[in-house]
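Data first, discussion second: the structure below is written as C-alpha cells.
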Amino acid sequence: MRFKTGDRVQMMWKRSKGFPNMQPVSGVVVAVGFNRGQKPRMQVCLESGDHVLQDIEYDRDAWVVFKHI
C-alpha cells in the first residue's frame, strides 16, 4: 500500500499480537522517507498528538497496521 504526506490514515492494533479489541485511532501522514539501503518508513501524527514511526512494507512483527480512510 502506498502512503504519501497528507494522507488520512487509521491505526488498528493487531489481535494476533495479544491486544484486545481496541478502538482504531485516526491520524495524518506527516512524512515519508525512502533512504537507500533501508526500509521505507512513514511518520504519522495521531489525533492525540503522538507521533508514530512505522515501516511501510508489511511486517509480521509490527503491533499495528495502517489503512487509508
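The values are calculated or read from the model by the stated rules, or taken from the named source; none is laboratory data. As the structure is a prediction and not an experimental result, all values here were calculated from the model. So basically every Cβ, Gly included, is an ideal-geometry build from the backbone, and we count neighbours across all protein chains shown. Surface areas here come from the heavy atoms of the whole protein model, side chains and all, with no ligands, DNA or RNA. Shrake-Rupley method; radii C 1.70, N 1.55, O 1.52, S 1.80 Å.
Structure summary
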{"item": "Subset of region 1-12 that is more than 10 Å from the chain's Cα centre (by Cα) and under 21 Å from residue 60 (Cα atoms) - its residue that is most open to solvent (accessible area, probe 1.4 Å)", "result": "2"}
{"item": "Any pair with Cβ under 6 angstrom, 6 or more apart, that starts in region 27-45 at a residue that is more than 12 Å from residue 6 (Cβ to Cβ) and ends at one that is surrounded by 15 or more Cβ atoms within 10 Å (Cβ to Cβ)", "result": "33/41; 40/56"}
{"item": "Within region 13-64, tally of residues that are open to solvent by less than 80 Å² (accessible area, probe 1.4 Å) and in contact with a helix residue (DSSP H, G or I) (Cβ under 9 Å, 6 or more places away or on another chain)", "result": "2"}
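Let's see how each residue does on (1) at pLDDT 90 or above; (2) assigned to a strand (DSSP E or B):
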{"residue": "19", "(1), (2)": "no, no"}
{"residue": "42", "(1), (2)": "yes, yes"}
{"residue": "45", "(1), (2)": "yes, yes"}
{"residue": "49", "(1), (2)": "yes, no"}
